[in-house]
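The values are calculated or read from the model by the stated rules, or taken from the named source; none is laboratory data. Given the structure is predicted, the values throughout are model-derived calculations rather than measurements. Quick reminder, even Gly has a Cβ in these numbers, built from the backbone with ideal geometry, and neighbours come from all protein chains shown. Just the protein is used for accessible areas: all its heavy atoms, side chains included, with ligands, DNA and RNA removed. Shrake-Rupley method; radii C 1.70, N 1.55, O 1.52, S 1.80 Å.
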Amino acid sequence: MATVLTQAEAGLEDIIATSTSICSIENGVLAYRGYNIDDLATNATFGEVTYLLLYGKLPTRTELETMEKAIAEGGKVPADAWKIIKGFPLTVPPMDWLRSAVSVLSFSDPDYKDGSNEANLRKAIRLTGQMTTLVTAFDRLRNGKEPIEPKVGKSQAYNFLYQLLGQEPDATSVKTFDICLILHADHELNASTFSARVTAATLSDMHSAITSAIGTLKGPLHGGANEQVMIMLGKIGEASKAEEWIRAALARKDKIMGFGHRVYKNGDPRAKHLMKLSEALGKMKGDTKWFEMSRLVDGVVQKEKGLLPNVDFYSASTYHYLGIPTDLFTPIFACSRVTGWTAHVCEQLAHNRLIRPRAEYQGARDQHYVAIDKR
Ligand code: ACO
């Protein structure tokens with residue numbers, strides 16, 4: 001009789017499946033290449049973090065400007081790819097549209113057949129720019145507007161808001177969004193990064209790895225939770241109903257989106273930054289309702305379940321305050337995490353070994369074939 005896997009075993013909980021020098025989570029501290037996320041969120045820009053993840057060090061001013069220029073220029077989606085992508089239905093969830101669009105991008109990539117580290121870094125840069133163009137284009141196209149190309153000389157945060165809304169974003173919104181991108185850029189061996197590494201390890205290609213990762217990020221137990229948080233806040237409707245609503249949901253044994261984490265048991269270090277951003281934006285916009293409701297939900301879930309908010313919880317109200325449509329929340333996660341995914345693909349390929357674990361067989365044994373007419 002086969003032994004039944006424990007829940008922890010089934011989820012590969014705490015299993016070390018690779019080594020990395022890109023990102024660590026140790027004693028509840030998240031660090032990118034040794035730099036504490038608190039330090040980076042407070043002092044760095046997303047451009048610097050992108051460079052750090054991809055090239056292993058903080059850039060000089062010239063290196064940063066060169067890379068940001070390459071991201072903005074690479075972010076222009078080629079006409080032949082647009083021809084295919086613009087044929088996709090716009091009524092599908094944006095993560096599905098994005099997953100297929102990124103796959104199409106591979107055909108027109110100038111390094112299509114080149115899997116070298118240099119070519120993969122170039123693909124990483126182009127994909128970082130193109131993801132922003134695609135996500136913002138999806139929203140524009142479904143609203144009958146043409147996509148906007150990124151502005152060279154501007155940051156990813158600026159370009160995302162500019163390409164989405166079609167107007168110069170204000171400095172506070174750009175700074176807020178830049179911090180959000182920093183906080184989502186990498187997270188050790190999370191599910192989507194694992195997918196990317198598994199795909200890369202077969203010596204497939206960068207676009208396939210990123211397509212796998214997008215498909216994995218989409219799920220509500222991973223990146224899809226931020227969208228679900230906003231949907232939940234919308235259902236709660238007003239702060240006075242938050243406590244009763246959450247108690248009823250917990251009584252039904254529903255999972256409250258944006259709470260709990262596989263790795264952090266004493267709190268996700270990213271959540272406090274997002275909480276502050278949500279509060280500040282709410283005050284600035286004169287609409288603290290979503291922040292206040294979030295605080296109440298947070299209080300009840302902590303009290304009733306002892307669960308703390310994760311990165312997805314306060315990012316929901318923050319993005320909402322930035323005027324971003326709810327179904328773009330998870331695609332935004334992808335626009336940031338593409339930097340981590342691509343860095344991990346390069347790292348995987350630098351010391352590659354096929355990732356091929358085993359499964360414990362629990363099915364029937366000693367079966368004998370029965371002809372189809374006799375079944
Ligand atoms: N709401 C209510 N109960 C919860 C929650 C939650 N958000 N999270 C965990 N629990 C409970 C579970 O029901 C389970 O209780 P039980 O032992 O009585 O059955 C216990 O806590 C352990 O939970 P698991 O789901 O087994 O823990 P796991 O490590 O597998 O899950 C996960 C982590 C998936 C993040 C989980 O906490 C969850 O589903 N949270 C909601 C979705 C979410 O916010 N996902 C985003 C995660 S961050 C990210 O990926 C970017």
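Key figures
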quantity: Hits in segment 1-34 - residues which are open to solvent by less than 80 Å² (accessible area, probe 1.4 Å) and either of a type in the set (Lys, Arg) or without any contact (Cβ under 8 Å) to a residue 24 or more places away in the chain (or both); calculated: THR6, ALA8, ALA10, ALA31, ARG33, GLY34
quantity: Check on ARG337, farther than 22 Å from TYR32 by Cα and touching a residue at least 24 places away in the same chain (Cβ under 8 Å); calculated: no
quantity: Contacts under 8 angstrom Cβ, first residue in segment 231-245 being closer than 23 Å to PHE329 by Cα and among the β-branched types (Val, Ile, Thr), partner part of a helix (DSSP H, G or I) and open to solvent by 20 Å² or more (accessible area, probe 1.4 Å), 6 or more apart; calculated: ILE231/THR326; ILE236/TRP245
quantity: Residue list for segment 186-227, restricted to those being open to solvent by 10 Å² or more (accessible area, probe 1.4 Å), away from the ligand (no atom under 14 Å from the Cβ) and among the aliphatic types (A, V, I, L, M); calculated: VAL198, LEU203
quantity: Enumeration of residues in segment 152-163 that are in contact (Cβ under 8 Å) with a residue 40 or more places away in the chain and either touching a His at 6+ places or on another chain (Cβ under 9 Å) or open to solvent by 10 Å² or more (accessible area, probe 1.4 Å) (or both); calculated: VAL152, GLY153, LYS154, SER155, GLN156
quantity: Subset tally (residues that are surrounded by 19 or more Cβ atoms within 10 Å (Cβ to Cβ) and among the small types (Gly, Ala, Ser)) for segment 264-280; calculated: 2
quantity: Matching residues in segment 35-46 - criterion: being out of contact with any Pro (no Cβ under 8 Å at 6 or more places or on another chain) and open to solvent by less than 40 Å² (accessible area, probe 1.4 Å); calculated: LEU40, ALA41, ALA44, PHE46
quantity: Residues of segment 240-263 that turn out to be surrounded by 18 or more Cβ atoms within 10 Å (Cβ to Cβ) and either more than 12 Å from the ligand (Cβ to nearest atom) or assigned by TED's automatic domain parsing to the domain that holds ALA101 (or both), as a count; calculated: 2
